[in-house]
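Visitor: My questions all concern the structure below.
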Amino acid sequence: MESKVYKYMDWPEIEAVVYGEEAAPRDLMAPRMTADGVLVQGFFPDADSVEVLVDTKTYTMEKQDEAGYFAVMLPMRKIPSYQYRITKSKEVRTVADPYAFPVQITEDEEKAFCAGVYYHAYEKLGAHPKEIDGVKGTSFAVWAPNALRVSVVGDFNNWDGRCHMMHRMPMSGIYELFIPGVGDGAVYKYEMKLKGGTIQLKSDPYAVCTELPPASASVVKDLRNYVWDDATWMDAREKYKDRHQPVSIYETSLTAWENAQELVDYVKKMKYTHVELHPVMEYLNEDSGEYSTFAYYAPDRRFGMPEDFQQLVNALHKENIGVILDWTPSHFPREEGGLELFDGTPLYENPDPSMAIHPMWGTLLFNFDSPMVKDFLLSNAFYWMEFYHADGLRLDDVDSMLYLDFGREYGQWRPNIYGTNENLEAVEFLKHLNSILQKKLPGTMTIAQEDGLWSELTGSVEDDNIGFSYKWNNNWAGDFLNYLSKDPIERQYVHDQLTLSMLYTYCEHFVLPLGSRQTGDQESFMAKLPGDDAQKMSQIRAAYSYMMLHPGCKMMAPDKDMPKELELCVKDLNNMYLAHPALYQLDDEYDGFEWVQLMKYEENVIAFMRKTEKPEETILAVCNFAAIPYENYNVGVPFAGKYKEIFNSDDKKYGGNGVVNTRVKAAKKAECDEREYSITVKLPALGVAVFTCTPEETEKKPAAEHGQIKKSITKTRTVRKAAGKTKAAVKTAVKPVTKKVTKEAPQIVNKTEEKIPVKKDLTEKK
């Protein structure tokens with residue numbers, strides 16, 4: 001052995017490398033200057049010989065340890081660029097030294113990661129093909145602070161954990177390494193040596209691509225080559241931050257479509273403004289399905305490669321269709337090779353065993369007390385919105401994040417420091433998420449699926465609220481569908497379930513959902529409704545119509561192969577919604593809605609107006625949920641003028657009976673509904689009629705009056721605070737999801753002695 005080399009050998013560290021327990025191999029094996037030249041060391045298990053190539057010169061390395069540790073002293077005064085030539089049996093390969101390359105994560109980035117504010121952690125953690133000093137390879141980084149050793153293993157090193165041991169960054173516990181020669185398509189995992197000597201394989205939490213399930217290895221993928229051409233949409237989406245735009249969402253899963261173009265064509269044809277996709281992130285278990293996310297940064301390989309999903313989003317944007325992704329930041333599945341006990345310790349999951357497991361699904365809840373875990377999720381949100389140009393995230397199962405006692409009985413949960421049931425760490429995470437997304441990506445949306453009574457969930461973070469853009473109004477959906485499930489004869493006794501929503505509509509910014517979770521497929525939807533098939537279809541049309549007229553954004557999921565008549569109805573509803581500002585412009589303002597008939601419970605009829613600041617844009621809606629039509633039905637109207645029916649769910653082209661109003665109605669001076677003017681219309685059974693309102697004479701409002709209108713509208717935020725109190729007053733009517741609600745039939749007041757018209761029992765055979 002050459003004495004110049006021998007005296008520089010750090011035998012304890014070499015033994016740590018040989019036995020796979022070295023956490024900082026770069027400190028030992030990086031080339032370094034010595035008094036005798038440049039010392040180059042490397043560990044090449046089972047290699048027969050290793051040479052160092054410097055320009056045209058070759059230097060033979062000496063084997064320092066029989067396991068395959070080699071070293072050589074180069075007679076040079078500065079560290080050169082060099083390569084290894086490794087001979088193993090008859091195989092000869094030439095590679096650059098991975099430990100000759102510096103750390104790819106800066107100190108500032110590491111500090112931000114430790115503080116939970118490294119919003120673009122996905123740019124450094126995971127696997128990233130790149131070129132450094134003319135050498136092509138892949139930079140790997142993974143957070144595993146409690147592992148004794150982490151190695152990159154894959155098809156490029158025969159899955160041998162001794163070959164590419166990663167270097168631990170002491171501040172964060174991130175292990176990183178640039179491996180020359182590893183490029184696009186390489187399959188890999190992380191091999192970890194845990195305390196006690198156990199060896200485990202883990203998939204990359206930040207992997208941007210995976211093998212086709214049920215295989216679970218990560219795949220190196222260069223995603224920098226896709227060229228977007230959706231700039232027009234991306235520049236314009238900021239408009240959605242004012243909540244004065246029409247939002248009609250089609251909910252679907254990629255599994256329902258033959259190809260991407262079919263989905264794009266359908267959503268475009270049906271005139272939706274957005275499409276909401278069930279989780280597109282990779283999952284393994286077919287039984288647990290899409291909501292058991294395994295790889296948070298990787299699109300599902302069942303539908304192609306990552307660039308295929310980029311192409312889908314791009315195509316939707318070019319048709320002016322926004323993309324909302326279902327996202328599961330509350331829990332993750334217990335899959336082998338996944339996040340559970342990632343480095344041998346509860347790293348990503350709640351460290352408290354009693355609180356770590358989701359009480360309903362058996363999955364694991366994230367540890368929101370860890371800045372690094374929060375950073376994993378924050379970075380993930382930015383990743384989908386920035387890298388894949390997603391326009392919004394619908395957060396699944398927010399209840400399990402907000403409430404410590406969610407799904408748990410007394411004694412099964414531990415209160416917070418104030419003795420209450422709020423998960424304070426999760427609350428702070430959600431505030432952080434919503435505030436930073438709104439600041440960095442204005443116009444993007446976050447939508448909460450939360451069935452409890454958390455006050456001001458969509459209120460601003462500046463006012464100490466959580467700051468979601470919207471909240472699913474599942475209370476509205478539940479009450480409305482329960483109302484529809486009753487025989488029309490019985491609906492008068494649950495009339496409040498139809499009208500209650502207007503007591504709390506302005507307490508939050510709502511999305512009205514009649515999607516897959518609420519209605520199921522068409523067959524399931526029809527099964528929820530009374531009557532024969534024709535009556536069931538009438539009620540489905542009426543349900544979608546009422547939703548489209550009610551304040552709030554819209555979300556539905558009718559079958560793509562629904563009857564053509566229903567398809568036309570839904571399409572026309574979307575067209576009507578987009579064409580009339582009264583149906584969306586003041587969704588969050590009291591001035592945008594006005595009851596006309598609220599208490600016609602005996603007739604099963606409600607009537608209301610949707611408004612803007614312009615009287616000529618007023619929309620009148622009359623909904624009949626009785627099983628009988630009304631031939632001459634009087635409705636109060638806001639002013640003298642013309643009233644033209646622009647939509648009727650009973651139109652024959654929609655599969656209805658054709659009880660429509662073909663002629664324009666002129667308001668007559670006859671008091672009705674405490675209004676000076678009224679019209680007489682035909683109301684179809686189980687149908688909805690919609691009218692435009694044109695004043696007889698449009699007068700210019702005095703400037704002072706116009707100013708007063710605007711002043712009233714700008715004061716709405718103050719009024720919404722009062723709405724929160726109203727909401728609290730009706731808690732008995734809208735219970736949290738975790739509690740059963742038993743509703744009694746309301747007491748009917750103001751009974752008259754008039755005979756109630758006999759309504760046809762929907763179960764009666766014709």
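Just so it is clear, none of the values below were taken in a lab; they were calculated from the coordinates. If you're wondering where the values come from, they're calculated on a predicted model, not measured in any experiment. Quick reminder, even Gly has a Cβ in these numbers, built from the backbone with ideal geometry, and neighbours come from all protein chains shown.
Visitor: Show which aspartates and glutamates lie in cross-link reach of Lys7 when reach means a straight Cα distance below 15 angstrom and same-chain residues fewer than eight apart are skipped.
Guide: Once the sequence-local aspartates and glutamates are set aside, what remains near Lys7 is Asp36, Glu62, Asp65.
Visitor: Starting from a Cα-only point model with no solvent, please compute log10 I(q)/I(0) by Debye for segment 507-638 at q = 0.18, 0.20 1/Å.
Guide: Debye curve over Cα of segment 507-638, log10 I(q)/I(0) at q = 0.18, 0.20 Å⁻¹: -1.14, -1.32.
Visitor: With no solvent and one equal point scatterer placed on each C-alpha of segment 362-507, evaluate the Debye formula and give log10 I(q)/I(0) for q = 0.08, 0.13, 0.19 Å⁻¹, two decimals.
Guide: -0.29, -0.70, -1.18
Visitor: If you plug each phi of segment 343-360 into the Karplus form 6.51 cos²θ - 1.76 cosθ + 1.60 with θ = phi - 60°, what whole-Hz ³J(HN,Hα) values come out, in order, with x for Gly and Pro?
Guide: Computed from phi, the couplings for segment 343-360 are 10, x, 10, x, 7, 8, 8, 4, x, 7, x, 6, 10, 7, 9, 5, x, 9 Hz.
Visitor: Let me spell out the model: positive unit charges on the Cβ of Lys and Arg, negative unit charges on the Cβ of Asp and Glu, origin at the Cα centre of segment 3-97. What dipole size does that give, in debye rounded to 20?
Guide: 560
Visitor: Hey, got the dipole for the chain? About the Cα centre, +1 on K and R Cβ, -1 on D and E Cβ, debye to the nearest 20?
Guide: 2060
Visitor: Which Cα, out of Phe44, Met73, Ala534, lies furthest along the positive dipole direction of the chain (beta carbon charges, K/R +1, D/E -1)?
Guide: Ala534
Visitor: A follow-up question, please. What is the fewest-to-most order of Trp472, Trp595, Trp257 by other Cβ atoms lying within 10 Å of their Cβ?
Guide: Ranking Trp472, Trp595, Trp257 by Cβ neighbours within 10 Å, fewest first, gives Trp595, Trp257, Trp472.
Visitor: Kindly state, to the nearest 0.05, the FRET efficiency for Thr58 paired with Leu212, given R0 = 30 Å and r defined as their beta-carbon distance.
Guide: 0.10
Visitor: Sorted by mean Cβ packing within 10 Å, highest first, what order do the peptides 543-554, 129-140 take?
Guide: Order by mean packing, descending: 543-554, 129-140.
Visitor: Could you work out the local net charge near Lys374, counting Lys and Arg as +1, Asp and Glu as -1, over the other residues with Cβ closer than 13 Å to its Cβ?
Guide: Net charge in that neighbourhood comes out at -3.
Visitor: With a cut-off of 8 Å between alpha carbons and a minimum separation of six or more residues, what is the relative contact order of segment 246-583 in percent?
Guide: The value is 14 percent.
Visitor: Of His120, Gly185, Ile174, which is farthest along the charge dipole of segment 107-219 in the positive direction, counting Lys and Arg as +1 and Asp and Glu as -1 at C-beta?
Guide: Looking along the dipole axis, the top candidate is Ile174.
Visitor: Let me understand the chain better: what is its radius of gyration from the alpha carbons, and its Dmax, in angstrom?
Guide: Gyration radius and largest Cα-Cα distance of the chain: 32.3, 115 Å.
Visitor: Further question on the same structure: Kindly rank 560-571, 74-85 from highest to lowest mean number of other beta carbons found within 10 Å of each residue.
Guide: Averaged packing, sorted descending, gives the order 560-571, 74-85.
Visitor: DSSP beta bridges in the chain, what fraction antiparallel, as a percent rounded to 5?
Guide: Antiparallel: roughly 80 percent of the beta bridges in the chain.
Visitor: Mind computing the radius of gyration and Dmax over the alpha-carbon atoms of segment 575-691? Å is fine for both.
Guide: 13.6, 36
Visitor: Ok, one more. Sort the following peptides by mean Cβ neighbour count (other Cβ atoms within 10 Å, averaged over residues), highest first: 166-177, 521-532.
Guide: Ranking the peptides 166-177, 521-532 by packing returns 166-177, 521-532.
Visitor: Further question: Return the inverse of the average 1/r over all pairs of distinct C-alpha atoms in segment 246-583, which is the Kirkwood hydrodynamic radius, in Å to one decimal.
Guide: 21.2
Visitor: May I pose another question? Taking a point 7 angstrom from the Cα of Met305 along the C-beta vector, which residues in segment 150-190 have backbone N less than 14 Å away?
Guide: It comes to 183-187, nothing else.
Visitor: With the cut-off at 1.5 for a/c, could you classify segment 3-97 from its C-alpha gyration tensor as rounded, prolate or oblate?
Guide: Oblate, because a/c is 1.5 or more while a/b does not exceed b/c.
Visitor: Let me check I've understood the local charge: for Ser89, count other residues with C-beta under 11 angstrom from its C-beta, Lys and Arg +1, Asp and Glu -1. What total comes out?
Guide: Within the 11 Å Cβ shell, the charges total -1.
Visitor: All other residues with a Cβ under 12 Å from the Cβ of Val570 taken together, and with Lys, Arg as +1 and Asp, Glu as -1, what is their net charge?
Guide: +3
Visitor: Classify segment 107-219 as rounded, prolate or oblate from the Cα gyration tensor: take a ≥ b ≥ c as the square roots of its eigenvalues, call it rounded if a/c is under 1.5, otherwise prolate when a/b beats b/c and oblate if not.
Guide: rounded
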